[in-house]
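Peer 1: Quick one: structure below, then a few questions.
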Amino acid sequence: MSIISMVLVVIIAFFAGMEGILDEFEIHQPLVSATLIGMATGHLTAGIMLGGSLQMIALGWANIGAAVAPDVALASVASAIIMVKGNNFTPTGISVAVASAIPLAVAGLFLTMIVRTVSVGLTHGADAAAKEGKYQTIERLHLVGILLQGLRIAIPAALLIAIPASAVQEALGAMPEWLTGGMAIGGGMVVAVGYALVINMMATREVWPFFAIGFALAAVSQLTLIALGAIGVALAFIYLNLSKMGGNGGGGSNGGGAGDPVGDILDQY
Amino acid sequence: MAEKIELSRHDRMSVAWRSQFLQGSWNYERMQNVGWAYALIPAIKKLYTTKEDRSAALKRHLEFFNTHPYVASPIIGVTLALEEERANGAAIDDAAIQGVKIGMMGPLAGIGDPVFWFTLRPILGALGASLALSGNILGPILFFVLWNLIRMSFIWYTQEFGYKAGSAITQDLSGGLLKDITKGASILGMFILAVLVERWVSIKFVVQLPAKKLAEGAYINFPNGAVTGGKLQQILGEQASGMSLTKMAPNTLQANLDSLIPGLMGLLLTFFAMWLLKKKVSPIVMIIGIFIFGIAMHALHIM
């Protein structure tokens, strides 16, 4: 990796770290950050492919309620760096890079906790500034908070970059086939955890039938994702409109008896 | 009153831009409070000129606040409207403003999470990722551009909506439209998640079951002697029609499972993960466990 590439990667890691908390521009999502790191190191296509496969795994990773998922920003940045350093851009190389970055992403949660605790201090600083009406101080404190979040990813990234490429390649090369092959197989299955997280949050008795329809239609491989998305949007509109019609008609003669979803909505209108 | 102080479109845009950094100093004590104050500073500067007024305004906006970062925008809009009235002399006390913030953040977070995190991001992410898996740069570009277009228009228009509706919006919070949006999003979300489970949870068994003996006529009967042109033509025709080359058909566990419905094992794994989550097993434990399981199954030549 050239010096310019290294600097660029650390800058990308810094932005990914800030985005990891802001969650606005989504630079920290694997699709974006791994592509950028691929671009910065001259391995654009491999970066895009890595971003795609990690994105599939991380689709449902969100910290809602008590369930905590690995740190997406660190997973994307670390896996991209490991791939570039390992110099293996085959599908197996990509899945091994993803699998070995996940433990780091778990460890990264600890850094998140530290920064969020340190930010309590920033709040108290802001309280003191508010007493004096000094809004510039509050602005500065807030920016410090964002910078800390950036460093949370940029520092581990710099440390990873500092490890000599030969050492990374040796470590990756020393892995036997049963391990690398097994990691790729695990990567294919681990996707389910993210989906399970999201399904658990959304599932109600009312929307389960749509899950069944989706699963059955997805087996028809000629239907592209966009076609399936169109079907999904259409189903949602049909359902919402039909449930309103039931409400206007009153009595629910068309809407079915009590206990079915349309009946439930009827009660609410 | 000399002249009514009004927040210009430029002021509101500046607040909307800053609201994108709402979570920047997220902390365990008051969560998004500093980010909230940071977003409102352009408005506070415009509305209040004395040090005392500014100090009071900053203090009341450093109270606890936490919601989904995008749906904070309509709340900001309402707060701007209230602060504007207050600066113009209306009797709106701190408790009223705080009440609006607290009253709106819960229900709105309940809309933001399913719409953005559970529906829009999985859909756009899967769309981008499926293109990216083949190295197509359109994947990341599509994801990034669509996401930010939708997000930025949402932030701006809902903030404007909140600003214009003022506190009236709070009465309509549980109203029909928002309910429809949330329900529509969960229908679409569940549909797409099923598609993702079917297509991208990949479990492939490599176990061979005992080969099946094929019935007469399902395989090609090769003659023992020399083959004439006519016979060869017949054999090639038979092969093209899908007849087997050998008497025994290979029989894999995976083919048997696929004949039920492709993706069945992925579905079962997803249900198992959902059940474990309900039993309070950490997703991190599951992720690591699945990797170990995959390595073990591969080492045993089962997968």
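Peer 1: Rounding to the nearest 10 and keeping the result within 0 to 90°, find how far the Cα-based axis of helix A:91-132 lies from the longest principal axis of chain A.
Peer 2: 90
Peer 1: I would also like to ask the following. GNM on chain B, C-alpha springs below 10 Å: top fluctuator among B:276, B:264, B:177?
Peer 2: Checking each option, the largest mean-square fluctuation is seen for B:276.
Peer 1: Let me ask something additional. Count charges around residue A:159 for me, please; just the other residues with Cβ under 14 Å from its Cβ, Lys/Arg as +1, Asp/Glu as -1.
Peer 2: Local charge sum for residue A:159: +2.
Peer 1: In vacuum, with every alpha carbon of segment A:132-187 counted as one equal point scatterer, what does the Debye formula give for log10 I(q)/I(0) at q = 0.22, 0.28 Å⁻¹? Two decimals, please.
Peer 2: Log10 I(q)/I(0), no solvent term: -0.90, -0.99.
Peer 1: Could I ask something else about it? Describe numerically, in nm with one decimal, the distance between label points set 7 Å from Cα along Cα→Cβ at residue A:226 and at residue B:10.
Peer 2: So the two model labels end up 4.2 nm from each other.
Peer 1: Please give the helix B:94-112 orientation as an angle from the longest Cα principal axis of chain B, in degrees from 0 to 90, rounded to the nearest 10.
Peer 2: So the helix axis and the longest Cα principal axis differ by about 10 degrees.
Peer 1: So, one more: What are the residues whose amide H is under 5 Å from the amide H of residue B:244, where those residues sit 5 or more places off or on another chain and H is modelled from the backbone?
Peer 2: The answer is B:219, B:220.
Peer 1: Could you compute how much accessible surface residue A:82 exposes when probed at 1.4 Å, giving the result in Å² to the nearest 10?
Peer 2: Per-residue accessible area (residue A:82): approximately 20 Å².
Peer 1: Then there's this: Okay, helix-only estimate at 222 nm for chain A: each DSSP H run of n ≥ 4 adds -39500 (n - 2.57), divide by all residues, round to 500 deg cm²/dmol; what do you get?
Peer 2: Helix contribution divided over all residues of chain A: -27000 deg cm²/dmol.
Peer 1: If you filter segment B:195-303 for GluC sites (Glu not before Pro), then keep DSSP loop positions with at most 16 other Cβ within 10 Å, what is left? Kindly include the intermediate steps, with their values, before the conclusion.
Peer 2: Values: sites: B:198, B:216, B:238; in loops: B:216.
Taking segment B:195-303 and a limit of 16 other Cβ atoms within 10 Å, the loop GluC sites (Glu not before Pro) found are B:216.
Peer 1: With viscosity set to 0.890 mPa s and temperature to 25 °C, compute the Stokes-Einstein D of segment B:36-145, Rh being the Kirkwood radius across alpha carbon pairs; µm²/s, no decimals. It would help to have the intermediate numbers written out before the result.
Peer 2: Numbers: Rh = 16.3 Å.
For the chosen part, D equals 151 µm²/s.
Peer 1: Where the centre of each part is set by its Cα atoms, how far does segment A:156-174 sit from segment A:116-134, in angstrom?
Peer 2: After rounding, the separation between the Cα centres reads 40 Å.
Peer 1: Have a look at A:231, A:11, A:21 and tell me which one the Gaussian network model of chain A (Cα, springs below 10 Å) gives the largest fluctuation.
Peer 2: A:231
Peer 1: If you don't mind, another one. Rounded to the nearest 100 Å², what is the sum over both chains of accessible area buried where A meets B, with a probe of 1.4 Å? The partial results should precede the final answer.
Peer 2: On the way: alone 15730 and 18810 Å², together 25160 Å².
About 9400 Å² of accessible surface is lost on pairing.
Peer 1: Just the number, please: carbon plus sulfur as a percent of the accessible area of segment B:193-281, 1.4 Å probe, no ligands or DNA/RNA counted. Can you show the working numbers first?
Peer 2: Details: 3580 of 5650 Å².
Carbon and sulfur atoms account for 63 percent of the accessible area of segment B:193-281.
Peer 1: Ok, one more. Segment B:202-252 to segment A:26-91: how many Å between their Cα centroids?
Peer 2: After rounding, the separation between the Cα centres reads 45 Å.
Peer 1: Reported to two decimal places, what Rg/Rh ratio describes the protein assembly as shown when computed on Cα atoms with Rh from the Kirkwood expression?
Peer 2: Details: Rg = 28.0 Å, Rh = 26.4 Å.
Ratio value, two decimals: 1.06.
Peer 1: Go through segment B:40-49 residue by residue and turn each phi into a ³J(HN,Hα) via Karplus (6.51, -1.76, 1.60, θ = phi - 60°); whole Hz please, and just put x for glycine and proline.
Peer 2: Coupling constants for segment B:40-49: 7, 3, x, 5, 4, 4, 6, 7, 10, 10 Hz.
Peer 1: Residue B:301: net charge of surrounding residues, Cβ under 13 Å, Lys/Arg +1, Asp/Glu -1, itself excluded?
Peer 2: 0
Peer 1: Considering the options B:218, B:262, B:248, tell which one lies farthest towards the positive end of the dipole of segment B:208-299, charges being +1 on Lys and Arg and -1 on Asp and Glu at the Cβ, about the Cα centre.
Peer 2: Going by the charge dipole, the pick is B:262.
Peer 1: Here's something else I'd like to know. Given only helices, namely DSSP H runs of n ≥ 4 each adding -39500 (n - 2.57), what is the per-residue ellipticity at 222 nm of chain B, to the nearest 500 deg cm²/dmol?
Peer 2: Here the helix-only value at 222 nm equals -20500 deg cm²/dmol.
Peer 1: Helix A:225-249: angle to the longest alpha-carbon principal axis of chain A, degrees 0 to 90, nearest 10?
Peer 2: Value to nearest ten degrees: 40.
Peer 1: A further question on this structure: In 10 Å bins starting at zero, report the fraction of Cα pairs in chain A per bin as a rounded %.
Peer 2: 6, 23, 25, 20, 15, 9, 2, 0
Peer 1: Can you tell me what the convex hull of the Cα atoms of segment A:204-247 projects to on average, as an area in nm²?
Peer 2: For the Cα atoms of segment A:204-247, the hull's average projected area reads 3.3 nm².
Peer 1: Looking at the protein assembly as shown, send over the antiparallel percent of its DSSP beta bridges, to the nearest 5.
Peer 2: Values: 6 of 8 bridges.
Of all bridge pairs located within the protein assembly as shown, approximately 75 percent are antiparallel.
Peer 1: Compute the Kirkwood hydrodynamic radius of segment A:79-158, taking the inverse of the mean of 1/r over all pairs of distinct Cα atoms, and give it in Å to one decimal.
Peer 2: Answer for segment A:79-158: a Kirkwood hydrodynamic radius of 14.9 Å.
Peer 1: When the Cα atoms of segment A:90-206 are enclosed in a convex hull and the volume is divided per residue, what value in Å³ results?
Peer 2: Spelled out: Cα convex hull of segment A:90-206, divided by residues, is 174 Å³.
Peer 1: Also: So how exposed is residue A:134, as accessible area in Å² (1.4 Å probe, rounded to 10)?
Peer 2: Accessible surface of residue A:134 is approximately 100 Å².
Peer 1: For segment A:96-139, what's the radius of gyration and Dmax over Cα atoms, in angstrom?
Peer 2: When restricted to the Cα atoms of segment A:96-139, Rg and Dmax are 17.3, 54 Å.
Peer 1: Further question on the same structure: Using a 1.4 Å probe on the protein heavy atoms, what percent of the accessible area of segment A:47-135 belongs to carbon and sulfur? Write down the numbers at each step before the final one.
Peer 2: Working: 1910 of 2810 Å².
Taking all protein chains in place, segment A:47-135 shows 68 percent carbon and sulfur surface.
Peer 1: With 23 Å as the cut-off, how large is the P(r) tail for segment A:1-118, expressed as percent of Cα-Cα pairs?
Peer 2: 22
Peer 1: Now for a separate question. Modelled label-to-label distance, residue A:155 and residue B:29, 7 Å Cα→beta-carbon offset: nm?
Peer 2: 2.1
Peer 1: Could you report the accessible area of residue B:52 in Å², rounded to 10, computed with a 1.4 Å probe on the protein chains as they sit in the structure?
Peer 2: In the full protein context, residue B:52 sits at about 130 Å².
Peer 1: Related question: Show me, for segment B:186-202, the HN-Hα J-couplings you get by feeding each phi into the Karplus relation (A = 6.51, B = -1.76, C = 1.60, θ = phi - 60°), rounded to Hz, glycine and proline as x.
Peer 2: Result, rounded to whole Hz: 6, 5, 4, x, 5, 4, 5, 4, 4, 4, 5, 4, 5, 8, 10, 8, 10.
Peer 1: Please check which bits of segment B:95-128 a label hung off residue B:179 would reach, taking the label as a point 7 Å along Cα-to-C-beta and the cut-off as backbone N under 15 Å.
Peer 2: So the set is B:111.
Peer 1: If you don't mind, there's one more thing I want to ask. Evaluate E = 1/(1 + (r/R0)^6) for residue B:93 and residue B:148, where r is the Cβ-Cβ distance and R0 equals 45 Å; express this FRET efficiency to the nearest 0.05. Walk me through the numbers before you get to the answer.
Peer 2: Details: r = 38 Å, r/R0 = 0.85.
The pair residue B:93/residue B:148 has a calculated efficiency of 0.75.
Peer 1: Can you pull a Stokes-Einstein diffusion coefficient for segment B:9-200 at 4 °C (1.567 mPa s), Rh from Kirkwood over Cα pairs, as a whole number of µm²/s?
Peer 2: Values: Rh = 18.0 Å.
After rounding, the answer is 72 µm²/s.
Peer 1: Going 7 Å from the Cα of residue A:113 along its beta-carbon direction, which residues of segment A:127-165 have the amide nitrogen within less than 18 Å of the resulting point?
Peer 2: The answer is A:149, A:152-153, whose backbone nitrogens lie closer than 18 Å to the label point.
Peer 1: When only alpha-carbon atoms count, how far does segment B:208-299 stretch along each of its three principal axes, as whole angstroms with the largest first?
Peer 2: 70, 26, 19
The values are calculated or read from the model by the stated rules, or taken from the named source; none is laboratory data. Computed from a prediction, not measured in an experiment: that's the story for all the values here. Ideal geometry is used to build each Cβ from the backbone, glycine not excepted, and the neighbour counts take in all protein chains shown. When the accessible area is computed, the model is the full protein with side chains, heavy atoms only, and any ligands, DNA or RNA have been set aside. Shrake-Rupley method; radii C 1.70, N 1.55, O 1.52, S 1.80 Å.
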